[in-house]
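Data first, discussion second: the structure below is written as structure tokens.
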Amino acid sequence: MNFVLLEKRDKIAIIRINRPDKLNALSPEVLDELEKAVKEVSEDKEILSAIITGTGKAFVAGADIGYIKTLDEEGGYRMALKGQEVFSAIENSPKVFIAAVNGYALGGGCELALACDFIIASENAVFGQPEVNLGIMPGWGATQRLVRKVGMNWAKYLILTGERIDAKTAYHIGLVQKVVNHDNLMDEAINIANLVAEKGPLALRLSKEAINKAFDLGDFGFRYEALLFGKTVGSKDKEEGINAFFEKRKPNFFK
Ligand code: COA
């Protein structure tokens, strides 16, 4: 892989989009490599959490505008479906994905961060959905995920004005969970990834699954939560986690 670097460190993985000369713009090749990296992480029994970040001054400055220029309506539709599939694989992965946003997260870059479970941002980060400036609209999930994550008013504001917002504003609207000093971004993201990776794997996977269904299931969401809760209570991880609590030691969870 050239455009996406995958590093594994014990229970965590770091996926780095690596096309700095084009501000990590997601061409079809980059997207294919990202898809492979996400699949590998999702299938790796040792890994519990993964960080996605970018090389250089951008996280990802969007889909590749030069590629979009070549597309007709059918091509645009197919491009949207492909990116949506890759980002849904992140959202639905059994692993916890953390976006460590180091700079520009625009268009498809903001949508990539939205597909992650939460976002840690450098104070230099810039978010936005500038597609309308190009006469197009978001196609990799922003019209759905932004509404779910920050509410309809902010989703409309960002998508309809194309305005960029800084990390502080992104934190203020709930898009970003933590803003950190630029030089500490990866250390902070790794600390949080490790914090997650200490937890019970089944509990992480089923919690994420229940949360992801929150907007789809209506009142049945509570019943679904109860069913998954039961699974965790019947698990070996529960035995270990609760025994460790009473024995005042760290739990040693199962894979
Ligand atoms: N697709 C393709 N190439 C891109 C790109 C994208 N989304 N974003 C940046 N690049 C390329 C530039 O064309 C430039 O290439 P060049 O050196 O061959 O000319 C290189 O990356 C550096 O970008 P540049 O614009 O010179 O950097 P900057 O610091 O002046 O501006 C941005 C940074 C992010 C503000 C600006 O690049 C930008 O607006 N990018 C597009 C963002 C966007 O609209 N994304 C949604 C796309 S649907």
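Out of all the residues in the range 55-87, which are open to solvent by less than 40 Å² (accessible area, probe 1.4 Å) and within 15 Å of VAL38 (Cα to Cα)? I'd like the intermediate steps shown before the answer.
So in the range 55-87, the residues open to solvent by less than 40 Å² (accessible area, probe 1.4 Å) come out as 55, 58-64, 75-76, 79-80, 83, 86-87.
Result: GLY83, VAL86, PHE87.
Can you find, within the range 141-156, the residue that is farthest from the chain's Cα centre (by Cα) among those that are of a type outside the set (D, E, K, R) and either more than 24 Å from MET79 (Cβ to Cβ) or open to solvent by 30 Å² or more (accessible area, probe 1.4 Å) (or both)?
Taking the candidates together, the pick is ASN153.
Of the residues that sit in the range 11-30 and are in a helix (DSSP H, G or I) and either outside the structural domain of PHE87 (by TED's automatic domain parsing) or open to solvent by 10 Å² or more (accessible area, probe 1.4 Å) (or both), which one is nearest to VAL196 (Cα to Cα)? Give the derivation first.
As a first pass, look at the range 11-30 and keep what is in a helix (DSSP H, G or I): 20-22, 28-30.
Cutting the leftovers down to either outside the structural domain of PHE87 (by TED's automatic domain parsing) or open to solvent by 10 Å² or more (accessible area, probe 1.4 Å) (or both) gives us 20-22, 28-29.
On the way: PRO20: 29, ASP21: 33, LYS22: 32, PRO28: 31, GLU29: 31 Å.
Taking the candidates together, the pick is PRO20.
Give just the number: which of (1) within 16 Å of the ligand (Cβ to nearest atom); (2) open to solvent by less than 10 Å² (accessible area, probe 1.4 Å); (3) over 20 Å from ILE65 (Cβ atoms) does ASP166 not satisfy?
Of everything listed in (1) within 16 Å of the ligand (Cβ to nearest atom); (2) open to solvent by less than 10 Å² (accessible area, probe 1.4 Å); (3) over 20 Å from ILE65 (Cβ atoms), ASP166 misses just condition (2).
Restricting attention to the range 195-211, which residues are in a helix (DSSP H, G or I) and surrounded by 14 or more Cβ atoms within 10 Å (Cβ to Cβ)?
Start the filter on the range 195-211 by keeping residues that are in a helix (DSSP H, G or I), which leaves 195-197, 201-211.
Residues satisfying the conditions are VAL196, ALA197, PRO201, LEU202, ALA203, LEU204, ARG205, LEU206, SER207, LYS208, GLU209, ALA210.
Restricting the range 129-156 to residues that are assigned to a helix (DSSP H, G or I) and either of a type in the set (S, T, N, Q) or at pLDDT below 95 (or both), which is farthest from the ligand (Cβ to nearest atom)?
Only one residue tops the list, namely ASN153.
Take the conditions at pLDDT below 95 and assigned to a helix (DSSP H, G or I) and apply them to PHE215. Does it pass?
Working: at pLDDT below 95: yes; assigned to a helix (DSSP H, G or I): no.
For PHE215, the condition - at pLDDT below 95 and assigned to a helix (DSSP H, G or I) - is not met.
Yes or no, residue by residue, for (1) within 30 Å of ARG16 (Cα to Cα); (2) under 19 Å from the mean Cα position of the chain (by Cα):
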residue: ARG164; (1), (2): yes, no
residue: GLY174; (1), (2): yes, yes
residue: ASP187; (1), (2): yes, yes
residue: ASN194; (1), (2): yes, yes
residue: GLU198; (1), (2): yes, no
residue: THR232; (1), (2): no, no
residue: GLU239; (1), (2): no, no
residue: PHE246; (1), (2): no, no
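Which condition does SER122 not pass, out of (1) free of Cβ contacts under 8 Å to residues at least 40 places away in the same chain; (2) touching a strand residue (DSSP E or B) at 6+ places or on another chain (Cβ under 9 Å); (3) polar (S, T, N, Q), if it passes all the others?
(1)
Considering only the range 232-253, how many residues are in contact with an Asp or Glu (Cβ under 9 Å, 6 or more places away or on another chain) and either small (Gly, Ala, Ser) or open to solvent by 100 Å² or more (accessible area, probe 1.4 Å) (or both)? Step through it out loud before you land on a result.
Of the residues in the range 232-253, the ones in contact with an Asp or Glu (Cβ under 9 Å, 6 or more places away or on another chain) are 250-253.
In the following step, the residues that additionally are either small (Gly, Ala, Ser) or open to solvent by 100 Å² or more (accessible area, probe 1.4 Å) (or both) were identified as 250, 252.
Adding up the residues that qualify gives 2.
Which pairs have Cβ atoms under 6 Å, sit 6 or more apart or on different chains, and link a residue in the range 55-79 that is more than 6 Å from the ligand (Cβ to nearest atom) to one that is hydroxyl-bearing (Ser, Thr, Tyr)?
Correct list of pairs: ALA58/TYR104; TYR67/SER27.
Scan ILE159, ILE120, ILE192, ILE98 and give me the residue that is part of a helix (DSSP H, G or I), open to solvent by less than 50 Å² (accessible area, probe 1.4 Å) and more than 16 Å from the ligand (Cβ to nearest atom). Let's see the steps before the verdict.
Values: ILE159 fails: more than 16 Å from the ligand (Cβ to nearest atom); ILE120 fails: part of a helix (DSSP H, G or I); ILE98 fails: part of a helix (DSSP H, G or I).
Step by step, each of ILE159, ILE120, ILE192, ILE98 is checked, and only ILE192 is part of a helix (DSSP H, G or I), open to solvent by less than 50 Å² (accessible area, probe 1.4 Å) and more than 16 Å from the ligand (Cβ to nearest atom).
The values are calculated or read from the model by the stated rules, or taken from the named source; none is laboratory data. These numbers were taken from a predicted model, which means no experiment stands behind them. Cβ sites come from the backbone with ideal geometry, for glycine too, and all protein chains shown count toward neighbours. SASA here: full protein model, heavy atoms, side chains in, ligands and nucleic acids out. Shrake-Rupley method; radii C 1.70, N 1.55, O 1.52, S 1.80 Å.
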